[in-house]
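Since the structure comes first, as structure tokens, the remarks are kept for the end.
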Amino acid sequence: MGGKNLGACRYIHGLQDLWQVHSIESPSDVERRIQNGVLDAFLEAQEMGKTRYIGFTGHASYKAHLKMLEELDKQIREGIDKELVKRGFQKTTSGEPDFLVSYLAVGELDLDVQEYDSGTAPPDVPYGHWRPFYQTGNDVTLIRKGTLSIDVIDPEPNRLIWRGKATETFDKPKDLEKKLNKIVKKILKKFPPK
């Protein structure tokens, strides 16, 4: 993984808070890095708790940033479209729509720290000496949460008609697509309002 363009910044208590794919230059550069395993390595480090956040930077072309975000956007839109079709709505790209749909997706990582103490130290054993059956420590679990808000807007007065929101936790980055579909379904279960 060594080499240039894998920048990272700011340490917090021994945990690297942010790893960034540095200086993406173009959509083909994004594809090349993905094929070379950079994103997989970053996700694995995140999964192992070595970093909380993954980001990207670029100075050459905004198109490279768009490429990084396209897949997530595509998955959310497809999920919303699928659920609205199930409810009898039809997507239109021309004419006057009955309503517009907008969404906001926010991801968050957190650590759950559980302290444990498997017993008390015998009073007659000096500090630093072996104490049988006595352990203390922490179990640290990485928690991934994603919140999705879906807004339905009346296009004429540009007024909010309905808003649905849900938060879901997921264990692994690989679970994202399945969880996205689940969260979209959960939100749109309440649409249209009765």
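A 24 angstrom limit on the alpha carbon distance is what I want to check against. Which of LYS74/LYS165; LYS74/LYS179; LYS74/LYS194; LYS63/LYS165; LYS63/LYS190; LYS91/LYS182 exceed it?
LYS74/LYS194; LYS63/LYS165; LYS63/LYS190
Sum up the charges of everything whose Cβ sits under 13 Å from the Cβ of GLY37, counting Lys and Arg as +1 and Asp and Glu as -1, but leave GLY37 out.
Summing Lys and Arg as +1 and Asp and Glu as -1 gives -1.
Since every read-out is calculated from the coordinates, none of them should be taken as a lab result. Being a predicted model, the structure only gives us computed values, none of them experimental. So basically every Cβ, Gly included, is an ideal-geometry build from the backbone, and we count neighbours across all protein chains shown.
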